[in-house]
Each structure stands twice: as structure tokens, then as C-alpha cells.
Amino acid sequence: MALLLTAGCATAAEELRIYTEQYPPYNMTTNGQPFAHSEADITGLCTDVVKALLGKAELDYSIKLRDLSYGLNRAERHPDHAIYCVSKTEDRAPFFDWVGPLSSIEWTLFAKPGSSIELNTLNDAHSYQIGGYKGDVMTNFLIDKGFDVSAISNNGLNARRLVQDQIDLWVADGLAGPYLAADASDVTGLERVLVFRETPMYLAVHKDTTPEILQALNKSYQALVESGEKKTISRSYGF
């Protein structure tokens, strides 16, 4: 009985538990809901890349979609846990090994449709209130730089805040921003005012994860790149 229990624990420990967030078109539920318990209900550019490399790695895994802070907390605290699509920042780097990049994001400031706001540099945005997403790297960057940022937990609602003049600008990814605006707030025609940075996005795997899992993930990622499959997935989303 003791041997059977030990074997069962070892098998459970070797399953890679993966989290992501609702961040279209990189990661998203197939039905538009903010949570998902099964990989079959999760899609998107980064999701397709992750599923492809996991298939090549032949690993036991699960993927769940939760909010960003929940997924990061789980992945930071527990071996054999991971999260995607996230950027490699100084505060996150010590907790993870990084597989990728899976894709990249453009740090963009949007204004409401028809806005006359013009920015030549990021410093020009200091006089405006900027809407952001709690826990997001772009939002935290602007806060650390002393910008006037009002962050909320539902990023898509920032587009509604723009058109209602509750904020002047919204910091979001150049591809995801318009998608979120149309989906969550029924807002189209946002003005892209400034792109001020580009960041690669990764599958972040807890640093104490089983070494064989990490090796398999990295080997499979390289195979995905070398075969051209990763580029094919990206092109299917307009990259």
C-alpha cells in the first residue's frame, strides 16, 4: 500500500499545471467567459504555441484560465507549475525558468476615437491620466515611472472609460487593445497614439520544476521554431 501511494504521488507531481489569463488574442476562452477549467476551452496565439510544444514534449499537463494575479501566485509558489504568456521582468525572473519567446507585445497608448491627443515621446504623457490593468507589466512600468495611472482588474473596460472621459489614455498591447475594446466595451476605432516599447512573452515555469520537464519543454520549443511551426501559428493571427 505504501509503495502504491508513493507511486501515485510521483505521477501527480510530474503533471505540469499551467495557468493563463484572458488576454485576447494571445490567450482566451472559446466562449468568452473569464475562466476556463479545460484546455479544450482555451485558445489564442500563445495557447496554440504552448499546446504545440507540449504535444512535442509528450508531457502530462493541465491548462486553466484564471486572472493574472491568481496564476502568477500559483506558478511562483509551486514546483511543476507554470504560466503564460508573461514577460520576463526583474521581479519575476528569480522565480522561473523561461521557455520561449512565444510571441511579443507592443506597449501602446490608445486614446478614444477622434481624440486630438498627440505624443512624440512617452514623457509627453505625464500630463494625462492613463488607464491600466492591475498586475500588468506595462501598467506597473508606468506607475514606477511616476505617471498618473488608474488601474482596474477588467482591462477591457478601459476602452469604455476612455469614451466616457474617465481616463485620457489607455496602456495596452497594440494587438490586444482593440480586440479587448470591441469585445468588452463595444468600442471600435481607438486612436493609436504612441508605441513606446516591445516585449517578448514566455512560458514561465517554476524554477524548481522537475528537471526532465524543463528539458523537454526547451527541446520541444527549439523543434517548434526550427520546423517553422511556430511562425505558421503566428501568421494565422496576423503576425
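Residues checked against (1) of a type in the set (Asp, Glu); (2) modelled with pLDDT of 95 or more; (3) in a loop (DSSP other than H, G, I, E, B); (4) out of contact with any helix residue (DSSP H, G or I) (no Cβ under 6 Å at 6 or more places or on another chain):
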position: ASN158; (1), (2), (3), (4): no, yes, no, yes
position: ILE167; (1), (2), (3), (4): no, yes, yes, no
position: VAL187; (1), (2), (3), (4): no, no, yes, no
position: PHE196; (1), (2), (3), (4): no, yes, no, no
position: THR199; (1), (2), (3), (4): no, no, no, yes
position: LYS219; (1), (2), (3), (4): no, yes, no, yes
position: GLN222; (1), (2), (3), (4): no, yes, no, yes
position: LYS230; (1), (2), (3), (4): no, yes, no, no
position: SER234; (1), (2), (3), (4): no, no, no, yes
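Considering only residues that are hydrophobic (A, V, I, L, M, F, W, C), assigned to a helix (DSSP H, G or I) and open to solvent by less than 20 Å² (accessible area, probe 1.4 Å), which ones fall in region 169-183? Let's see the steps before the verdict.
Applying the first criterion (hydrophobic (A, V, I, L, M, F, W, C)) to region 169-183 yields 169-172, 175-176, 180-182.
From what's left, assigned to a helix (DSSP H, G or I): 176, 180-182.
ALA176, LEU180, ALA181 - these are the residues of region 169-183 that are hydrophobic (A, V, I, L, M, F, W, C), assigned to a helix (DSSP H, G or I) and open to solvent by less than 20 Å² (accessible area, probe 1.4 Å).
Inside region 208-217, can you point out the residues that are in a helix (DSSP H, G or I) and either over 12 Å from GLY55 (Cβ atoms) or open to solvent by 20 Å² or more (accessible area, probe 1.4 Å) (or both)? First the steps, then the outcome.
Initially, region 208-217 is screened for residues in a helix (DSSP H, G or I), giving 211-217.
Within region 208-217, PRO211, GLU212, ILE213, LEU214, GLN215, ALA216 meet the criteria.
Output the residues belonging to region 53-108 that are in a helix (DSSP H, G or I) and charged (D, E, K, R).
Kept after step one, since they are in a helix (DSSP H, G or I), are these residues of region 53-108: 53-57, 68-77, 93-95.
The answer is LYS56, ARG74, GLU76, ARG77.
In region 75-95, how many are within 18 Å of LEU214 (Cβ to Cβ) and either acidic (Asp, Glu) or more than 15 Å from the chain's Cα centre (by Cα) (or both)?
Number satisfying all stated conditions: 9.
Under 6 Å between Cβ atoms, at least 6 apart or on separate chains: pull out the pairs that start in region 145-164 with a residue that is hydroxyl-bearing (Ser, Thr, Tyr) and surrounded by fewer than 19 Cβ atoms within 10 Å (Cβ to Cβ) and end on any residue that is in a loop (DSSP other than H, G, I, E, B) and modelled with pLDDT under 95.
Final answer for the pair search is SER153/LYS134.
Identify the residue in region 44-72 that is open to solvent by 40 Å² or more (accessible area, probe 1.4 Å) and not charged (D, E, K, R) and, among all such residues, is farthest from ASP136 (Cα to Cα).
Checking each candidate, the answer is GLY55.
Is it the case that GLU118 is of a type in the set (D, E, K, R), part of a loop (DSSP other than H, G, I, E, B) and open to solvent by 50 Å² or more (accessible area, probe 1.4 Å)? Lay out the reasoning, then the answer.
On the way: of a type in the set (D, E, K, R): yes; part of a loop (DSSP other than H, G, I, E, B): yes; open to solvent by 50 Å² or more (accessible area, probe 1.4 Å): yes.
Yes: the conditions hold for GLU118.
The values are calculated or read from the model by the stated rules, or taken from the named source; none is laboratory data. Bear in mind the structure is a predicted one, so any value in this text is a computation, not a measurement. Positions of Cβ are generated from backbone atoms using ideal geometry, with glycine treated the same way; all protein chains shown enter the neighbour counts. Side chains included, ligands, DNA and RNA excluded: accessible areas come from the protein's heavy atoms. Shrake-Rupley method; radii C 1.70, N 1.55, O 1.52, S 1.80 Å.
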